[in-house]
Amino acid sequence: AGGGRLIDRIRKWYYNAAGFNKLGLMRDDTLHEDDDVKEALKRLPEHLYNERVFRIKRALDLSLKHQILPKDQWVKYEEDHHYLEPYLKEVICERREREAWNKK
């Protein structure tokens, strides 16, 4: 149990050290947009997609101004949910099935 708490503290430290949360971004907002991620984004419900676009535009604006959000607006480790992950897993699974089918 003690080791698990240490790992969790390291994860939280790394999350904050990365800095994207200080711009209001979530982890999934920072993923490299390869073909799988692009397809997963197409499958997002409209409200999740719009929230993502807002966060990215705000982060770009803050970055251009060399500013960060007030600390009370930073995305906290506990609040960062992986909204894109289920869609991305589905896309990757489908792609692998297609590749396996095409090998036959």
Among the numbered criteria (1) assigned to a loop (DSSP other than H, G, I, E, B); (2) open to solvent by 100 Å² or more (accessible area, probe 1.4 Å); (3) not aliphatic (A, V, I, L, M), which one does Arg98 miss?
(1)
Having 2 or more residues that are within 30 Å of Val91 (Cα to Cα) and at pLDDT below 95 is the bar; report the helices (runs of 4 or more DSSP H) wholly within segment 1-74 that clear it.
2-18
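Identify, please: which residue in segment 23-47 is open to solvent by 30 Å² or more (accessible area, probe 1.4 Å) and within 14 Å of the chain's Cα centre (by Cα) and is, among those, nearest to Gln73 (Cα to Cα)?
Leu23
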When the residues of segment 48-64 are filtered to those that are of a type outside the set (S, T, N, Q) and over 13 Å from the mean Cα position of the chain (by Cα), which remaining residue is farthest from Val75 (Cα to Cα)?
Leu64
Per the list (1) open to solvent by 100 Å² or more (accessible area, probe 1.4 Å); (2) under 22 Å from Lys12 (Cα atoms), residue check on Arg55 breaks on (1)
Which of the residues spanning segment 43-65 are in contact (Cβ under 8 Å) with a residue 40 or more places away in the chain and over 16 Å from Asn21 (Cβ atoms)?
Arg43, Leu44
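The values are calculated or read from the model by the stated rules, or taken from the named source; none is laboratory data. Worth saying up front: this structure is predicted, and the values here are computed from it rather than measured. So basically every Cβ, Gly included, is an ideal-geometry build from the backbone, and we count neighbours across all protein chains shown. For accessibility, only protein heavy atoms count, side chains too; no ligands or nucleic acids. Shrake-Rupley method; radii C 1.70, N 1.55, O 1.52, S 1.80 Å.
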